[in-house]
Amino acid sequence: MPLLDPGDGGFLAIKAARDIAAGVVVLAVLVLHNRQFLSVVIGALTLIPLLDGLIVLQHAGWSFTPLILVHWTTVAVTLFIVALLRVGK
């Protein structure tokens, strides 16, 4: 991702660490073989792209930017996965 200021690389490192930690949490819950609990965890983790999207919107002056699509698409896909986990047997 291109940065306007090279000093902003720390923000990307924080985001990467948070995303890796979220993935490890999901993998740990997968070991439990509990679909309902997994759906709750993934549902809660959906806050990450939702809040990221709001931050991007705020920094764009609350106007549409294509960068927002990756966040909203992630929210939609994760909510779809939660729904599949909830109705699955």
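Any read-out appearing in this document is the output of simple, stated calculations on the displayed coordinates, not a laboratory observation. Nothing here was measured: the structure is a model prediction, and the numbers come from that model. Glycine also receives a Cβ, built like all others from the backbone with ideal geometry; neighbour counts cover every protein chain displayed.
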For the chain, longest principal axis from Cα atoms; helix 47-59 axis from its Cα atoms; angle between them, nearest 10 degrees, is 20
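Please return the longest stretch of the chain lacking exposed loop sites, where chymotrypsin sites (Phe, Trp or Tyr not before Pro) count only if DSSP places them in a loop and at most 13 other Cβ atoms lie within 10 Å. Mind dumping the intermediate values first?
Working: sites that count: 62, 64.
Here the longest segment lacking exposed loop sites spans 1-61.
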Checked against the structure, the computed Cα Rg over 2.2 N^0.38 Å among (1) 1.46; (2) 1.26; (3) 1.33 is the one labelled (2)
The chain: relative contact order from alpha carbon pairs under 8 Å, six or more residues apart, as a whole percent, is 30
Taking the chain and counting helices only, DSSP H stretches of n ≥ 4 at -39,500 (n - 2.57) each over all residues, the nearest-500 ellipticity at 222 nm comes to -25000 deg cm²/dmol
Computed over the chain: longest principal axis from alpha-carbon atoms vs helix 35-45 long axis, angle to nearest 10 degrees, is 10
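Under 14 Å from the Cβ of residue 52, count the other residues' Cβ atoms, weight Lys and Arg +1, Asp and Glu -1, and hand me the total. Intermediate results must be reported in sequence, preceding the final value.
Working: positive: 15, 18; negative: 19.
Local charge sum for residue 52: +1.
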Whole-Hz Karplus couplings 3J(HN,Hα) for the stretch 27-34, θ = phi - 60° and coefficients 6.51, -1.76, 1.60, Gly and Pro as x, run 4, 5, 6, 4, 4, 6, 6, 10
A correct Karplus calculation of ³J(HN,Hα) over the stretch 2-11, with 6.51 cos²θ - 1.76 cosθ + 1.60, θ = phi - 60°, whole Hz and x for Gly and Pro, returns x, 10, 6, 10, x, x, 7, x, x, 5
Across 31, 40, 77, the residue with the highest GNM fluctuation in the chain (Cα network, 10 Å cutoff) is 31
Least to most buried among 19, 5, 52, by other C-beta atoms within 10 Å and fewest first, runs 5, 19, 52
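Return 41, 24 ranked ascending by Cβ neighbour count within 10 Å, so the fewest neighbours appear first.
Details: 41 20, 24 10.
Sorted ascending by nearby Cβ count, the order is 24, 41.
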